[in-house]
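The values are calculated or read from the model by the stated rules, or taken from the named source; none is laboratory data. If you're wondering where the values come from, they're calculated on a predicted model, not measured in any experiment. Here the Cβ is made from the backbone with ideal geometry for all residues, glycine too, and neighbour counts use every protein chain on show.
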Amino acid sequence: MSTEENYDRISYETRQRFWNVIEGPMVVHLVLAFTVLLILVPIGWMAITSFKGAQGAFIAGYLPAEFTFDPYERVLIENNYWRSVVNSIVISTTTTFLVLLFSVPAGYAFSRFRFPFDNAIFIGVIFSRLFPPIGIIIPYFQGIAALNLINTVPGIIIAQVYLWLPLMIYIMRNFFISIPEEIDESALVDGCTQFQAFRRIVLPLAMPGIASVGILTFLYSWREFLFSFMISSTTASKPISVAVFDFVGEVNVSWEMISAAGVVAIIPTVLVVIFFQQYIVTGLPSGALKGS
């Protein structure tokens, strides 16, 4: 073997060893650990700051000199932040219910039935969500004002349904496509009507997709800010995504209070993800990737 061939062989073996190390489980675990660390450090810092007093938030140090629940008491009781928490729960749950109510049958219809301009209508549904939300905020505000829904929870819910319904129809359509049509046909042969086949056979099979759509809608609705900020300026209608900014003053920021408000805001979403993460993992890939 010539010197040049030997050099090429060594170079090839070196490159292979390098890629084996890069693709190995240790490197993957390190990357994942670093990513989790990047996510948790700001949240942990916010949680620690929320237990500091007004003066403690400006004192150097990682841990508070004295733990206190005063920021939480001032946020929830004195500033009526609890009302915003209730508003967010009402808005998110109602939005989730309405989105599921419309997206599940719409997704099934688009996946199973053929009618004039069905593809054009489906593309139109998706295209309606491609507009940047900031681009339609003025006509939306004018429409809500005409309906006398400014500073109301229903006004925010209407915006939330518009924002998330097209995406969830797309996910549900693709999830129903992943369920073989032969199942529907077998139910029809056995004497079921189309609706009975949908309700008794297909719907139970689609529960992972329905659950993932519901969870995603709740999470998206919980954090939405732009439309809520534009039409809600009173405590009676503000969700938490808007109410947090009440602690940002013209001169200074109440860091301990805004941190306490942030901790309260993320607790429901963390609980939802912890208890329902299996539905996101199993349901979402089918709806997002299959049938596209």
Go through I126, I179 for me and flag whichever is among the β-branched types (V, I, T) and either assigned to a loop (DSSP other than H, G, I, E, B) or at pLDDT 90 or above (or both). I179
Against the definition (part of a helix (DSSP H, G or I), assigned by TED's automatic domain parsing to the domain that holds P132 and closer than 27 Å to V85 by Cα), how does I156 come out, yes or no? yes
Sole miss for N174 among (1) closer than 19 Å to P105 by Cβ; (2) exposed (fewer than 15 other Cβ atoms within 10 Å of the Cβ) is condition (2)
Are there any pairs with C-beta distances below 7 angstrom linking a residue in segment 87-99 that is over 19 Å from G209 (Cα atoms) to a residue that is not in a helix (DSSP H, G or I), with the two at least 6 apart or on different chains, and if so which? N87/S237; N87/K238; N87/P239; S88/P239; I91/P239
Out of curiosity, is I210 surrounded by 22 or more Cβ atoms within 10 Å (Cβ to Cβ), of a type outside the set (S, T, Y) and out of contact with any Leu (no Cβ under 9 Å at 6 or more places or on another chain)? no
Within segment 131-161, count every residue that is aromatic (F, W, Y) and out of contact with any helix residue (DSSP H, G or I) (no Cβ under 8 Å at 6 or more places or on another chain). 1
